[in-house]
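Visitor: Dumping the structure here so I can ask a few things about it.
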Amino acid sequence: MTLSPTVVEAASWRLASEIARRHPQLIRIAREHPGGGQYDVLALRSIAGLDIMLNRSGTIQVHSRHDHGVCDWEPTEWIDYLRNEPREFMRRLEVAAGLPSVAMVPASTPATLVYRVIAGIAATSFMTVRPIEIEPGYVDTSGYGGGPASWLDMFPVSGSLRRPLTDDPFGESGYRFWMCKRPGLMLAFETSSGSAWATTGTPVDLMQTYQSVDRDIDALALTVMRHGAADE
């Protein structure tokens, strides 16, 4: 069964953001294009070596475990994820990836709020004629055209946030940035500060706004989307 790209985009971001939410100090999300650039992957990685590959043009895979154990996860089609209870599937994936058990979901961090808001925005394009484009600030590809993304120059991001941090992969600050774009919407995000920008105006502090909407992630996503539509 062939799924719509908007369905797989929304499903992959929901799965990735929820796993990152449960392991905020371990996991970061990157978009990668391995295989000569032919694959489109949301990669979940940890310093310990975790490698979960959510291949939007293929399958859900675990290449290496966080605890360095033997991996017995079989590549899984996206339709199988959508047919399962999402929390149960996520927990099976966590076990297969050697992630620690989670008794209580930790408090939100700036990065996990960014991931969850992006997931919420992706969900609004589910089965619509206006697909969302979610682009990283650094184009990670084994094919042609890798490097810092040019779109970042369209947003009023301070120079200090664009400087590399000690834990940026390969010393590239672009790995902390994401853009969501569709007709009528333009937003950039940065994970260390938990900030969102339209192409003009002041940034939104996601943590502060999250508190102001009673920690309702859907309300936060809608608030940020209204901010991103301010230029239209």
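The values are calculated or read from the model by the stated rules, or taken from the named source; none is laboratory data. Values in this document were obtained by computation on a predicted structure and should not be read as measured data. Glycine also receives a Cβ, built like all others from the backbone with ideal geometry; neighbour counts cover every protein chain displayed. Please note that ligands, DNA and RNA were not included when accessible areas were found on the heavy atoms of the full protein model with its side chains. Shrake-Rupley method; radii C 1.70, N 1.55, O 1.52, S 1.80 Å.
Visitor: Are there any pairs with C-beta distances below 8 angstrom linking a residue in the stretch 47-72 that is free of Cβ contacts under 8 Å to residues at least 40 places away in the same chain and among the hydrophobic types (A, V, I, L, M, F, W, C) to a residue that is in a loop (DSSP other than H, G, I, E, B) and crowded, with 18+ Cβ neighbours inside 10 Å, with the two at least 6 apart or on different chains, and if so which?
Guide: Within 8 Å, the pairs are 48/66; 62/97; 71/65; 71/97; 71/98.
Visitor: Could you count how many residues in the stretch 166-196 are among the aromatic types (Phe, Trp, Tyr) and modelled with pLDDT under 95? Show your work before the answer.
Guide: Taking the stretch 166-196 and keeping what is among the aromatic types (Phe, Trp, Tyr), we get 170, 175, 177-178, 189.
From the residues that got through so far, the ones that are modelled with pLDDT under 95 too are 170.
The number of residues fulfilling the criteria is 1.
Visitor: Something else about it: Can you tell me which condition residue 185 does not meet? The list is (1) of a type outside the set (D, E, K, R); (2) under 23 Å from residue 41 (Cβ atoms); (3) open to solvent by less than 10 Å² (accessible area, probe 1.4 Å), and all the others hold.
Guide: (2)
Visitor: Now a separate question. Scan (1) open to solvent by 90 Å² or more (accessible area, probe 1.4 Å); (2) under 21 Å from residue 196 (Cβ atoms) for the single condition residue 170 breaks and write down its number.
Guide: Result: residue 170 passes all but (2).
Visitor: Another question, then. More than 23 Å from residue 195 (Cα to Cα), out of contact with any helix residue (DSSP H, G or I) (no Cβ under 8 Å at 6 or more places or on another chain), open to solvent by 10 Å² or more (accessible area, probe 1.4 Å) and in contact (Cβ under 8 Å) with a residue 24 or more places away in the chain: does that describe residue 81?
Guide: no
Visitor: Sticking with this structure for a sec: State yes or no: is residue 142 within 30 Å of residue 162 (Cβ to Cβ) and over 13 Å from the mean Cα position of the chain (by Cα)?
Guide: Spelling it out, residue 142 is indeed within 30 Å of residue 162 (Cβ to Cβ) and over 13 Å from the mean Cα position of the chain (by Cα).
Visitor: Something else about it: Within the stretch 89-106, can you find the residues that are open to solvent by 80 Å² or more (accessible area, probe 1.4 Å) and assigned to a helix (DSSP H, G or I)?
Guide: Scanning the stretch 89-106 gives 91, 92, 95.
Visitor: When you go through 124, 76 one by one, which is the residue that is open to solvent by 20 Å² or more (accessible area, probe 1.4 Å), modelled with pLDDT under 95 and either touching a Pro at 6+ places or on another chain (Cβ under 7 Å) or not charged (D, E, K, R) (or both)?
Guide: Residue meeting the stated conditions: 124.
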